[in-house]
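Participant: Here's a structure for you.
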Amino acid sequence: MLMIASSPLKNKNIQMKKVKALICLLIPLLLIYGFNTKFGQLPPLLKFLNPFSGFWQNAESSKVNRSNAVVLKGTKENVDIMFDDRMIPHIFAKNDDDLYFAQGYVTAMHRLWQMDFQTRYAAGRLSEVVGIQAIELDRYQRQMGMVYGAERSLEGMMEEPKSKAMVLAYTAGINAYIHSLSNANLPVEYKILDFKPEDWTPLKCAILLKQMSAVLAMGSDEFYMSNILKKFGPEVTNNLFPDYPYKEDPIIPIGTKWNFTPLRIPQAPQGLNQLSTTAIETKQKVDGIGSNNWAVSGEKTASGYPILANDPHLNLTLPSIWYQIQLHAPGINAYGVSLPGAPGITIGFNENIAWGVTNVAADVLDYYQIKFKDNSHHDYWYDNKWNRTTERLETIKIRGKKTVTDTVTYTHHGPVVYFQKPKNLDLAKNIPVGHALRWIAHDKSNELLTFYYLNRGKNYNDYRKALTFYTAPAQNFAFASVDNDIAMTPTGKFPLKWKNQGKFILDGTDPKSDWQGWIPADQNPTVKNPPREFVSSANQSSTDPSYPYYINWEFSSYERGKRINDLLSKMNKVTADSMRVMQKDTYSLFAENLLPGILPKVEFSQLNATQREALILVNKWNKFYNADEIAASIFELWSKRLFFNIWDDEFTIANVPMRYPSRDRTIELILKEPNAKWFDNVKTSKKETLKDLVNESFKYTCDSLERKYGSIGKTWEWANVKATHVPHLARIPGFGTKTIYNGGSKSTINAMSESNGPSWRMVVELGKTPKAYGVYPGGQSGNPGSPFYNDMTTTWAEGELYDLYLMKTANDQSAKIISNLKITNK
Amino acid sequence: MVFLIILIASFLMQLIAPWWVIVVISFAACGLFAKTPKIALWAPFLAISLLWIGMALFKSIPNDHVLATRVGEMMMLKSWIPILFLSGIMGGFVAAISGFCGYHFRKALLKKSAVKKELQSIN
């Protein structure tokens, strides 16, 4: 038997069988591997598509369970969370720890992936989940010192028992939710990008707040300005980049008294500004992110109680940037919007007060030119001696690749962002190579405490006290109280600087160029109950030039602020609804100012039929950026092209990044100096005049609109040209909104551009019980498979608002409650 | 028979285990019970396709197909229906291959022992 079995023929046959069996085992294993693994951008196919744990599990039923209960060991007493008809949670807790624990829990329940992704982005950890393509972005965040700043900030939060307890309870709440998740109910974006949530930490709360500073207070023109100064000299620079605008209506009304004795202003050192330029390319600066807020005194309202309105403008994304919530516990009953990832309410109201914020373009980011001893960068010259730099190692994990470790060099000013710049990163374009960054967001701070006190505030004094804890990003805090006080305070920790310190790059070797101290918090500009009976802000200059300190040399242009003030001064018997209508106002002061200077210069006889029709439309235009307005499209592109024609020949030079003079200065030039030399295109031998540029730009605009949208007509309407939409945070196609048909532009109160605009609109009328209204684009849930993901967008686009319910008790019948969640600890 | 075993076992196991238990179940069920290669191919294909399409609809109908439509758009498709069939057919395909492999795995082992039996009877 053995002999036969081992005969060559039989042996071969058995070998074949073995191979066949092996192949039959291997194929299924390969299938498992192949369909469970992410290749390139494609999600792991069957891990994602299978209906038991893949994306189908994220399809939420449009019917909501009425009663839910969960046991969470981290709570001390029972917590009731009531969800209203837009799925907004109203939390009723018996102590602060449970309150913030529950806030963390529900926020994670609705927004976990968003919180996780935003903090990974801010901390420079995207490569860890998306791979090598994010490496330069990660490096940028590390080298700007985002985590370094967050660590300092966390120290500040942890020193103060109140904020420490807040952060720890919030963190525990988020983690309680994360630990309850199975693979099947992970948010759908985790399944697409194929990664898993990690535990939340207090540092992540700090990183999220740093990201707000990065969004709002990272603007820096000093590199451009230094290049301009070097190229054109001080006279032209001062002329084209003045320290106070031609047209302005400052936030603190002109004539407001400064009730303090200012500190001594430091002297500017001699021999400034012999600084080098560095060879890189840049692009035109785009208008910054803006916002509006105002408060009207009871003297001017129909009810006799003050009304406060706020609409912060940001780059809009889904899931919604904000998360609405009501927080109720002994000592607090507040409603408003929070940032997913930070405890407390950022913009909102309670029974006694309301508050809202807009950005202050404070000069709190400076670059210092550093003189290094040699290429090791271990020593730098400062205060007439060599000083040691410190090094911080940044370890960047990369999905599917080896971990990279970078060394970031720190001087006492802050990190040296780049010794060599990345080629294709827009964010890096305004950063000078080899310079150290001094940025307010690197300082120890505790903004949470401001919101802790505001949420519980009862009156004007509580508001003033709360603001003293605030560092960055600097904000104009509007305030109204049921006692009929209104106030506005540009708030932040402002460095004590000589005038224009930081307009240009600073000398890093001279101690006199350092920040010399701080403007005391109680000397920040402020106004309470001004004679005009209202306060407002729209990112324009904080004060007129009589304020003794320097905050910045340039702010956003004045148009939105002026329009708000014009409307409010004319209004009487103001109601919440008239404030809502104002929030969607699209009248353009920019058009009102510019058109008289350029319209008469267009030569009608030189135009073709389309151009003639276009000119007639612009002539008849009422200057409202309404959705169906064709003239708005023409004016928008025309002004852009005209400004390009005026400035591009002088201010765009290869290897010397510069910026254009401001919109305000350009209008002044057009209206008052029509023969200025700047109108000539220096690249041609012919001598161009303003009139030539106006005509060329008008024809160019009409031709390009015609090329893109066909003959003049419906397709030229502003809403169609603007094409507003709200994309998904990770730009996943299909997960954003469709194109939204609406009006508004950057320079109108309704500051809606392509996907930048009002991220939250709120109107609060104080009274015996406050009446409040609000909306944001998107919805409460962060799950693209939820009926509450994008349910508010239409209301928002139409400029309507929802009622906001400040419930008195968990059983308050005034709110439309559709579901509740009871948290117990056993 | 094989169809029902795969359908029921896959439904129950996927409530607790990852999606790829369908590979194991199809392989084992066909390895043990499939009489012909045809059955080993079609039974798992139909069982998993039906199970997955059924389950996907169970989640997606109450959702008005909101999410499936978004995922469809993400994958450059116009509606949710191709995503539904893609899910079902891909699942079925993997199960079918696994079942087929299971069947032939048995064959490979079985024939070896059959040879042995034959030789034993000669002796």
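The values are calculated or read from the model by the stated rules, or taken from the named source; none is laboratory data. Computed from a predicted structure; not experimentally measured. All Cβ positions, even for glycine, are placed from backbone atoms using ideal geometry, and neighbour counts span all protein chains on display. To get the accessible areas, we keep the full protein, side chains included, count just its heavy atoms, and leave off ligands, DNA and RNA. Shrake-Rupley method; radii C 1.70, N 1.55, O 1.52, S 1.80 Å.
Participant: Say R0 is 56 Å: what FRET efficiency, to the nearest 0.05, do A:Thr739 and B:Leu109 get from their beta-carbon distance?
Facilitator: On the way: r = 61 Å, r/R0 = 1.09.
In this case the efficiency is close to 0.35.
Participant: Now, a different point. Over all distinct alpha-carbon pairs, what is the Kirkwood Rh of segment A:294-394 in angstrom?
Facilitator: Numbers: mean 1/r = 0.0533 Å⁻¹.
Result for segment A:294-394 stands at 18.8 Å.
Participant: Over segment B:39-98, with every protein chain in place, what whole percent of the accessible area is carbon and sulfur at 1.4 Å, could you tell me?
Facilitator: 82
Participant: Now a separate question. Among the residues of segment B:50-70, which ones have their accessible area go down by 30 Å² or more when all the protein chains sit together, as opposed to their chain alone (1.4 Å probe)?
Facilitator: Buried by 30 Å² or more upon assembly, which counts only protein chains, are B:Trp52, B:Met55, B:Ala56, B:Lys59, B:Pro62, B:Asn63, B:Leu67, B:Arg70.
Participant: Would you kindly enumerate the cysteines in chain A that have no other Cys beta-carbon under 4.7 Å from their beta-carbon?
Facilitator: Cysteines of chain A left without a disulfide-compatible partner: A:Cys205, A:Cys702.
Participant: Ok, one more. What is the dipole size for segment B:1-107, taken about its Cα centre, with +1 at each Lys and Arg Cβ and -1 at each Asp and Glu Cβ, in debye to the nearest 20?
Facilitator: Using only the charged Cβ atoms, the result is roughly 340 debye.
Participant: Here is a further query. In Å², and per residue, what accessible area does chain B have when probed at 1.4 Å with the other protein chains present?
Facilitator: Values: 6340 Å² over 123 residues.
Per-residue value: 52 Å².
Participant: Which distance in Å, rounded to a whole number, links the C-alpha centroids of segment A:329-384 and segment A:478-502?
Facilitator: Comparing the Cα centres of segment A:329-384 and segment A:478-502, I get a distance of 14 Å.
Participant: Which residues make up the longest stretch of chain B clear of trypsin sites (Lys or Arg not before Pro) that lie in a DSSP loop with no more than 16 other Cβ atoms within 10 Å, not counting the sites?
Facilitator: My reading of the result: B:79-123 is the longest stretch.
Participant: If you build the Cα gyration tensor of segment A:526-593 and take the root of 5 times each eigenvalue, what three semi-axes come out, in whole angstrom, biggest first?
Facilitator: Details: eigenvalues 112, 59, 17 Å².
Semi-axis lengths for segment A:526-593 are 24, 17, 9 Å.
Participant: What Rg and what Dmax come out for segment A:393-549 when only alpha-carbon atoms are used, in angstroms?
Facilitator: Using the Cα atoms of segment A:393-549, the pair Rg, Dmax is 20.3, 65 Å.
Participant: Oh, and also: How big is the charge dipole of chain A about its Cα centre, in debye rounded to the nearest 20, if each Lys and Arg gets +1 on its Cβ and each Asp and Glu gets -1 on its Cβ?
Facilitator: Numbers: 95 positive and 82 negative charges, 495 e Å.
Taking the Cα centre of chain A as origin, the dipole is about 2380 debye.
Participant: Once every Cα of chain A carries one equal point scatterer and solvent is ignored, give the base-10 log of I(q)/I(0) from the Debye formula at q = 0.05, 0.09 Å⁻¹, two decimals.
Facilitator: The calculated log intensity ratios at q = 0.05, 0.09 Å⁻¹ are -0.30, -0.94.
Participant: Using a Cα-Cα cut-off of under 23 Å, which lysines could be cross-linked to A:Lys401, ignoring same-chain neighbours fewer than 8 residues away?
Facilitator: Here the lysines satisfying the reach criterion relative to A:Lys401 are A:Lys38, A:Lys47, A:Lys191, A:Lys196, A:Lys421, A:Lys423.
Participant: Which distance in Å, rounded to a whole number, links the C-alpha centroids of segment B:83-108 and segment A:8-78?
Facilitator: 14
Participant: Can you work out the accessible area per residue across segment A:475-612, with the rest of the protein chains kept in place, probe 1.4 Å, in square angstrom?
Facilitator: Details: 4550 Å² over 138 residues.
Per residue, segment A:475-612 has an accessible area of 33 Å².
Participant: Another one. Report, in whole Å, the centroid distance computed from the Cα atoms of segment A:612-639 and segment A:152-170.
Facilitator: 52
Participant: Then there is this: Can you find, among A:Ile325, A:Thr405, A:Tyr380, the residue sitting farthest towards the positive end of the charge dipole of segment A:311-408, where Lys and Arg contribute +1 and Asp and Glu -1 at Cβ?
Facilitator: A:Thr405
Participant: Which whole number in µm²/s is D for segment A:717-826 by Stokes-Einstein, with the Kirkwood Rh taken over Cα pairs at 25 °C and 0.890 mPa s?
Facilitator: Estimated diffusion coefficient is 151 µm²/s.
Participant: Another question, if that's okay. How much space per residue, in cubic angstrom, does the convex hull of the C-alpha atoms of segment A:648-707 take up?
Facilitator: Considering the Cα atoms of segment A:648-707, their hull volume per residue is 119 Å³.
Participant: Report the label-to-label distance for A:Asp522 and A:Asn13 in nanometres (one decimal), using points 7 Å from each Cα along the Cα→Cβ vector.
Facilitator: 10.4
Participant: For the interface of B with A, what's the total buried accessible surface in square angstrom, probe 1.4 angstrom, rounded to the nearest hundred?
Facilitator: On the way: alone 8370 and 34250 Å², together 38530 Å².
For B against A, buried area totals roughly 4100 Å².
Participant: Calculate, for segment A:83-241, the solvent-accessible area per residue in square angstrom, rolling a 1.4 angstrom probe over the heavy atoms of the protein chains.
Facilitator: With all protein chains present, segment A:83-241 gives 30 Å² per residue.
Participant: Next up: Under a Cβ-only charge scheme (Lys and Arg +1, Asp and Glu -1), can you give me the dipole magnitude of segment A:547-688 about the Cα centre, in debye to the nearest 20?
Facilitator: For this selection, approximately 180 debye.
Participant: Take every Cα-Cα distance within segment A:709-768, group them into 5 Å bins from 0 onward, and report for each bin the whole-number percent of pairs it holds.
Facilitator: 4, 16, 19, 18, 17, 12, 6, 4, 2, 1, 1, 0
Participant: Could you look at chain A and say what percent of its accessible area is carbon and sulfur, using a 1.4 Å probe and all protein chains? Please list the in-between numbers first.
Facilitator: Details: 16980 of 32190 Å².
With neighbouring chains kept in place, the figure for chain A is 53 percent.
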